[in-house]
């Protein structure tokens, strides 16, 4: 990790941590509504459960679940992310990191239409910087996704970030103000 990457990660994390609850709710709703308009007709989705002022996702995956869509969520096991089927909020538990996840790993899919991926920083070409553990890069390589989408606040998007060989780019990043597509 370069110093620039570490500095950028720390700066954006600090900015995100200082967000006001009303702003988070409003921006999250705007991102989710754009997502529904663009991709709501797809059949299967991998979501993340928001943590640390990330764009809120629970409303969206519950909404799609009620419409008969297949919803999957990540589950941490032995320092690796696996995928479990979402069957309702009552079947989620909070892991040691404070993140909601499925109680068990069931119905692991061969392919998912859309993966919604968190990060601290994105660039305008849909590259991402996460928390530095590489969990999502491994996940994105281990499963087949037709489309990889990032959710972020607009201030989390910078012009360009340095990427490394193991980094997996996304196809689209949606913010409350913009939609960025990989060139």
**Q.** Whole-angstrom gap from the range 24-48 to the range 127-183, using each part's C-alpha centre
**A.** 16 Å
**Q.** Residue order, fewest to most beta carbons within 10 Å, for 167, 146, 123, 22
**A.** 22, 146, 167, 123
Q) Where both residues lie in the range 3-181, what percent of DSSP beta bridges are antiparallel, nearest 5? A) 45 percent
Q: Express in nm, to one decimal, how much length is gained between residue 58 and residue 26 on full extension, taking 0.36 nm for each residue of separation and deducting their alpha carbon distance.
A: 10.1 nm
Q. For q = 0.14, 0.27 Å⁻¹, what log10 I(q)/I(0) does the range 27-78 give under the Debye formula with an equal point scatterer on each alpha carbon and no solvent?
A. -0.36, -1.15
Q. Can you give the extra length, in nm with one decimal, that the chain gains between residue 33 and residue 67 once fully stretched, where that is 0.36 nm per residue apart less the Cα-Cα distance?
A. 10.7 nm
Q) Helix 3-17 versus the longest principal axis of the chain: what is the Cα-based angle in degrees, 0 to 90, to the nearest 10? A) 60 degrees
Q.
Just to be sure I understand the model, the point goes 7 Å from the Cα along the line to the Cβ. What's the resulting residue 162 to residue 14 distance in nm?
A. 2.0 nm
Q) Based only on the alpha carbon positions, what is the Kirkwood hydrodynamic radius of the chain, in angstrom? A) 16.5 Å
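Since every read-out is calculated from the coordinates, none of them should be taken as a lab result. From a predicted model like this one, the values you see are computed outputs, not experimental measurements. Heads up, the Cβs are rebuilt from the backbone with ideal geometry, glycines too, and the neighbour counts pull from every protein chain shown.
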